[in-house]
């Protein structure tokens, strides 16, 4: 009987220890991920034309907006249409659209919605999940706005165009 009690006590302590270790590890991973995306993450990803784009290209811009999108997402499509209609108010910074889909799929999506990017817009094919793994993407679309290289605001889900343009027009 005594041996059985000791075994049960040991099992409970082992289970509690493993649970605490798991939770500590999960909290640490979440913290590391948040530290990564609080400043513009480093990356080396091809755009939809095959040109390699890196984070150093973005250093000269006061405002940089990253938008994760999926062409099959209706909210993403609606957000892209709003951006298309308001491109002239989004000229003050750089907008980096990224998707995990191949470049051909992204180009086809842009053709379907008749979206002609401005020179300040980049479309990246993040097939290797580089940016996606460095940012805290929770949904499509997700928007990350950086001011002077630091995260100013993050939106998970659709965002009104007035909210986005605000970050490009304010000083």
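Could you please find all residues in the stretch 111-123 being crowded, with 18+ Cβ neighbours inside 10 Å and in contact with a helix residue (DSSP H, G or I) (Cβ under 7 Å, 6 or more places away or on another chain)?
Within the stretch 111-123, 123 is the sole residue that qualifies.
Which condition breaks for residue 163 when tested against (1) surrounded by 14 or more Cβ atoms within 10 Å (Cβ to Cβ); (2) assigned to a helix (DSSP H, G or I); (3) in contact with a strand residue (DSSP E or B) (Cβ under 9 Å, 6 or more places away or on another chain)?
(1)
Among the candidates 135, 121, single out the residue that is at pLDDT 90 or above and either assigned by TED's automatic domain parsing to the domain that holds residue 64 or closer than 17 Å to residue 75 by Cα (or both).
On inspection, the qualifying residue turns out to be 121.
Could you grab me the full set of residues in the stretch 117-156 that are more than 24 Å from residue 50 (Cβ to Cβ), in a loop (DSSP other than H, G, I, E, B) and more than 11 Å from the chain's Cα centre (by Cα)?
Those that are more than 24 Å from residue 50 (Cβ to Cβ), in a loop (DSSP other than H, G, I, E, B) and more than 11 Å from the chain's Cα centre (by Cα): 148, 149.
Taking the stated definitions as given, is residue 126 assigned by TED's automatic domain parsing to the domain that holds residue 164 and farther than 16 Å from residue 58 by Cβ?
When the stated conditions are applied, residue 126 does not pass them.
What about residue 55, is it without any contact (Cβ under 8 Å) to a residue 60 or more places away in the chain, assigned by TED's automatic domain parsing to the domain that holds residue 135 and within 16 Å of residue 133 (Cα to Cα)?
yes
The values are calculated or read from the model by the stated rules, or taken from the named source; none is laboratory data. Bear in mind the structure is a predicted one, so any value in this text is a computation, not a measurement. Don't worry about glycine lacking a Cβ; one is built from the backbone with ideal geometry, like all the others, and counts go over all protein chains shown.
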